[in-house]
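Below you'll find the structure, written out as structure tokens, and then a few comments.
The values are calculated or read from the model by the stated rules, or taken from the named source; none is laboratory data. Note that the structure is predicted; figures quoted are calculated from it, not measured. Neighbour counts run over all protein chains shown; Cβ positions are idealised from the backbone, glycine included. What goes into the accessible areas is simple: the full protein's heavy atoms, side chains included, and nothing from ligands, DNA or RNA. Shrake-Rupley method; radii C 1.70, N 1.55, O 1.52, S 1.80 Å.
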Amino acid sequence: MAESMSGRPLGRLRHLLAALAVPVQLLASAAAHGGEAIPYCTDPDWPPYESITADGKHQGIAADLLSLVSQRSGVELRVLPTRDWEDSMAAARDGRCRFLSFLNRTPTREEWLAFTEPLFVDPNVLVTREGHDYVADLAGVSGETMVLPKGTSIEERVRRDFPNLRIVLVDTEAEAFAMVSRGKADMTLRSLTVAVYTIKDGRLVQPEGCGPSAGL
């Protein structure tokens, strides 16, 4: 389960990524009814965790894990391509897809989703603009701008536990990192894997500060 955040330092906030929706029962049911492919949704723009290619294929860490699930269960899984993360969430709500491949657990999401145990655990890091002081605890930061992709679990937690920060929302991970790199936002809070991938991929100049999300 995800650790809750508060104003005091918690050390590391675990970024818990879990496949959603009764996998064992669902797969057993599908096998018993002719093995019909089970539709699922993804975040189409969240590399290296997952993304959807131009020809509609699921790729990334989540795709590799689901491939193992399919192989070991003998049940076919079928990705349902969506426009963006918000579209994926809507598809899960209206039943177009039966589960989501990777998802952070939050109280709001638990109101309408069922989660498995975490399949992948990744710490979050703060990435700050050039010239920014090191942030030891977000509770001590006030009036600064944090940029985040729309609809993330981090947004929900930061708004709840750190109202001292001003949140700016963008459509993609790349846009969030770009705003920090260009000095248009003070910081972003993303997973270590995504931050490292973005830097190595050349989409983000090495930031001034990139460290564990102490205080989160």
Take Glu173 and tell me if it is closer than 19 Å to Gly131 by Cβ and at pLDDT below 95. no
Show the residue pairs meeting these rules: Cβ distance below 8 Å; 6+ apart or different chains; first residue within the stretch 159-176 and more than 24 Å from Ile199 (Cα to Cα) and of a type in the set (Lys, Arg); second residue open to solvent by 60 Å² or more (accessible area, probe 1.4 Å) and not in a strand (DSSP E or B). Arg166/Gly143
Please work out if Ala91 is of a type in the set (A, V, I, L, M, F, W, C) and either touching a Lys or Arg at 6+ places or on another chain (Cβ under 7 Å) or crowded, with 16+ Cβ neighbours inside 10 Å (or both). yes
I'd like to check something: does the stretch 107-121 contain any residue that is within 25 Å of Asp186 (Cα to Cα), in a loop (DSSP other than H, G, I, E, B) and at pLDDT 90 or above? no
What do you reckon, is Thr198 at pLDDT below 90, among the hydroxyl-bearing types (Ser, Thr, Tyr) and either surrounded by 14 or more Cβ atoms within 10 Å (Cβ to Cβ) or in a loop (DSSP other than H, G, I, E, B) (or both)? yes
Taking the stretch 101-117, which residues are open to solvent by 50 Å² or more (accessible area, probe 1.4 Å) and over 20 Å from Leu80 (Cβ atoms)? Arg105, Pro107, Thr108, Glu110, Glu111, Glu117
Pair list, Cβ < 6 Å and 6+ apart or interchain, from the stretch 103-126 residues that are closer than 17 Å to Trp46 by Cα to residues that are open to solvent by 30 Å² or more (accessible area, probe 1.4 Å) and basic (Lys, Arg): Val121/Arg14; Pro123/Arg12
Would you confirm, using the coordinates I've provided, whether Ala63 is free of Cβ contacts under 8 Å to residues at least 40 places away in the same chain and within 20 Å of Thr193 (Cβ to Cβ)? yes
Note on the stretch 132-154: residues assigned to a helix (DSSP H, G or I) and open to solvent by 30 Å² or more (accessible area, probe 1.4 Å) are Ala139, Gly140
